[in-house]
Ligand SMILES: NC(=O)c1ccc[n+]([C@@H]2O[C@H](COP(=O)([O-])OP(=O)(O)OC[C@H]3O[C@@H](n4cnc5c(N)ncnc54)[C@H](OP(=O)(O)O)[C@@H]3O)[C@@H](O)[C@H]2O)c1
């Protein structure tokens, strides 16, 4: 239990909402940054009015993202952790994906993080141990047919985590794959996938919960608890690294 201040991008639904929920349940403070206030996020706001600050904005707006970090810092008086969670999938093989789509994936999955990092890094240096958790994907290290732009963007995210870990020795920085998590984002991914890929994804979702490995399906609440723990407790030994949330090293830490 604690009172860390965590800024989360994309906490209005899906994995980000689950991370916010887990942190708030443990008395941490959360600044949520997303374009919309969903009914689920509003319910959290009503439940934790003192501990949740909801800021509406688009991660592709650099000034708004930077201002959101400053607003969170002024509101809570400190910043301990950043969870850079917004990411979109783009279904399409390299041969079929025009450069404009590659640019829009990289804009959201990679470049949008920079203004937030620019604003947050000086604040994270001010606390004894700042932390940054990137929501990554195993597609950044394992190829998946029809996801080349997304995969390349997540590889860039993993690289960014590695670079910050050496640039900022007092800020623990890591990238984590959440596994396959039924979320609005995954539903969009399936609905826009070519039929053969969509049927593989749908079949995977029917698999029983509780399996492990990068393609294992787990509910957002389960994954959100692990992410929440890492966002406020990740030790120095994991800084700069990429993990799947259910790798032994992570499970050993978070479930201890
Ligand atoms: N679900 C999976 O199986 C899975 C697997 C591997 C990796 N991931 C990664 O996990 C992360 C979260 O995925 P998810 O499945 O939870 O996605 P999701 O259900 O689509 O939720 C995405 C969140 O990001 C916000 N968002 C999207 N675009 C935004 C923008 N331009 N500005 C501000 N906020 C924006 C959305 O809120 P608003 O719409 O309100 O703005 C929402 O809160 C992503 O990085 C994804 O790549 C997910």
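Rule-based calculations on the coordinates, nothing more; no lab input. For clarity, every value in this text was computed on a predicted model and none was experimentally measured. So basically every Cβ, Gly included, is an ideal-geometry build from the backbone, and we count neighbours across all protein chains shown.
Quick rundown of the values:
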item: Per-peptide average of other Cβ atoms within 10 Å, ordering 208-220, 22-34 highest first; result: 22-34, 208-220
item: Residue 129 versus residue 36: modelled label distance in nm, points set 7 Å from Cα along the beta carbon direction; result: 3.8 nm
item: Extension reserve of the residue 215-residue 93 stretch, reckoned as 0.36 nm per residue once the Cα distance is removed; result: 41.9 nm
item: The range 112-135-the range 25-56 distance, computed between alpha-carbon centres (Å); result: 20 Å
item: Computed over the range 26-126: relative contact order in percent, which uses C-alpha pairs under 8 Å that are six or more apart; result: 29 percent
item: Most mobile listed residue (200, 86, 238) in the chain, GNM with C-alpha springs under 10 Å; result: 200
item: Gain on full stretching of the segment that runs from residue 166 to residue 104 - 0.36 nm per residue minus C-alpha separation; result: 19.5 nm
item: Cβ crowding within 10 Å averaged over residues, with 36-42, 5-11, 57-63, 180-186 ranked highest first; result: 5-11, 180-186, 57-63, 36-42
item: Highest-fluctuation residue, 106, 144, 227 considered, GNM on the chain with Cα pairs under 10 Å; result: 144
item: Order by protection proxy (mean Cβ within 10 Å, highest first), peptides 75-83, 117-125; result: 75-83, 117-125
item: Rel. contact order, % - alpha carbon contacts under 8 angstrom, at least six apart, the chain; result: 21 percent
item: Cα→Cβ-extended label distance, 7 Å offset, between residue 249 and residue 196, nm; result: 3.6 nm
item: Residue order, fewest to most beta carbons within 10 Å, for 93, 4; result: 93, 4
item: Whether the chain is rounded, prolate or oblate, judged on the alpha carbon gyration tensor where a/c under 1.5 counts as rounded; result: rounded
item: Ascending count of other beta-carbon atoms within 10 Å, so fewest first, for 172, 88, 142, 108; result: 142, 88, 108, 172
